[in-house]
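**Q** My questions all concern the structure below.
The values are calculated or read from the model by the stated rules, or taken from the named source; none is laboratory data. Treat the numbers as computed from the prediction; the structure is a model and nothing was measured. Please note: Cβ atoms are built from the backbone with ideal geometry, for glycine as well, and neighbour counts cover all protein chains shown. Note: accessible area is taken over every heavy atom of the protein model, side chains too, but ligands, DNA and RNA are not part of it. Shrake-Rupley method; radii C 1.70, N 1.55, O 1.52, S 1.80 Å.
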Amino acid sequence: EVAGGYGNGTFYYIHPEWKIDGRNELSYYYEEYRDYLHDVLIEMANFENVAGITMDFGRYPYTFGKECPDVAERTRIMNEFVKSVREDMPEGKKLNVRVLTPTNIKADPYGLDYKTWVNEGWVDRVIISVQGHETFFDVTQYANFFNDPTNNPHDVEFYVGIVASLSGHDTTKAEEES
């Protein structure tokens, strides 16, 4: 039995048929995987000193591969998943999600329908971020969406995230000017 591998467990090795196009990540297409992930998230949320959970679909939000090419089906599956996590979250615990911008390119194709999640009140906070370093984006469209009560009737919080560098340094004034 393999232990301590990807995801610090054996689940990824037990079910190689659920992997996304030969990657290590597993596909949300498979109900058994969604059930497993749901149970892990709810177990974590049930710890007394945990305020909530964040589902991080930022950076590289692999949710599906070739086994589910239809974006509408991906969206249906992910909406059902997020709704089920919300329904089973302990009372008073927060459910946060992080998605990439621009969402029409970086979130929508993965089935990450944050607008429905906000409108239905399935999440408490949405964090919009970029994938690359030194990439800037206009948050106006997102701020407008979250500030409109017809889009956000549950007063879901809107945050902007950043990507941290793992190496390098902040530039000096001299470096900036050269």
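The rows are residues; the columns are (1) among the β-branched types (V, I, T); (2) at pLDDT 95 or above.
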position: E25; (1), (2): no, no
position: I42; (1), (2): yes, yes
position: A51; (1), (2): no, yes
position: Y62; (1), (2): no, no
position: N79; (1), (2): no, yes
position: Q131; (1), (2): no, no
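**Q** While we're here: Within the range 39-80, how many residues turn out to be under 17 Å from I127 (Cβ atoms) and either open to solvent by 30 Å² or more (accessible area, probe 1.4 Å) or more than 17 Å from the chain's Cα centre (by Cα) (or both)?
**A** Looking only at that region, the number is 5.
**Q** Limited to the range 8-44, what total is found for residues that are touching a residue at least 40 places away in the same chain (Cβ under 8 Å), among the hydrophobic types (A, V, I, L, M, F, W, C) and over 19 Å from T75 (Cβ atoms)?
**A** Total satisfying the criteria: 2.
**Q** Right, another one. Where residues in the range 146-172 are at pLDDT 75 or above and under 15 Å from V99 (Cα atoms), which of them is surrounded by the fewest Cβ atoms within 10 Å (Cβ to Cβ)? Don't jump to the end; show me each part of the working.
**A** At the first step, the residues of the range 146-172 found to be at pLDDT 75 or above are 146-162.
Next, only the ones that are under 15 Å from V99 (Cα atoms) stay: 146, 156-162.
Working: F146: 19, V156: 22, E157: 14, F158: 16, Y159: 13, V160: 13, G161: 17, I162: 10.
Ranking the qualifying residues of the range 146-172, first place goes to I162.
**Q** If you go through the range 104-131 one residue at a time, how many are more than 13 Å from the chain's Cα centre (by Cα) and open to solvent by less than 30 Å² (accessible area, probe 1.4 Å)?
**A** 2
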